[in-house]
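Read through the structure below, which is laid out as structure tokens, and then see the notes.
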């Protein structure tokens, strides 16, 4: 038979502790890309300036709005009663759902604290980390939108030039088709 192992649990069943829960809210803010002007002035490599609609504050194919919804991160402390222990591999989690519940939510042991001050400090740290991550993400998003805008301008400018070349070539062929050849004149004279 195998050896018996024991696992030390940090909190007893029924113990009330503090848990750090993720939260936050969404705020409507002026578009950081166009500053609410709904457009950008793009200066091409040849010095040509073009006004283009802002794509950062536009949803899908809609027109720009001048504002975006930005998530404001926040973690908050909340009372938590340890009612059940749930283990997944090496992770231990607690649930505050009643024992006869068919569905229950779990909280990582790292997010549970006996002391409210420790929980508050953890919430502050997590809120700051999440805020920094969201800031970096929004800068990457802004850069990506601007890159897309510049690429789109370049692509469509090249498409226009290519189409104009095709149109000139087609016109030249059409002119050749309209001119009668000498052989065709000789047949008509007979």
So what are the three principal axis dimensions of the stretch 1-68 from its Cα atoms, in whole Å, longest to shortest?
80, 32, 20
Using the 2.2 N^0.38 Å rule of thumb for compact globular proteins, work out how the stretch 23-113 stacks up: its C-alpha Rg over that value, please.
1.94
Need the C-alpha centroid separation for the stretch 112-130 versus the stretch 135-174, integer Å.
49 Å
What is the Cα coordinate range of the stretch 53-160 on the first, second and third principal axes, sorted by size from largest, in whole angstrom?
67, 33, 28
Give me the angle, in degrees from 0 to 90, between the Cα long axis of helix 116-178 and the longest principal axis of the Cα atoms of the chain, rounded to the nearest 10.
10 degrees
For the chain, using Cα atoms only, the Rg and Dmax in Å read 33.1, 115
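Each value in this text was obtained by applying a stated rule to the coordinates, not by laboratory testing. Because the structure is predicted, anything quoted here is derived from the model rather than measured.
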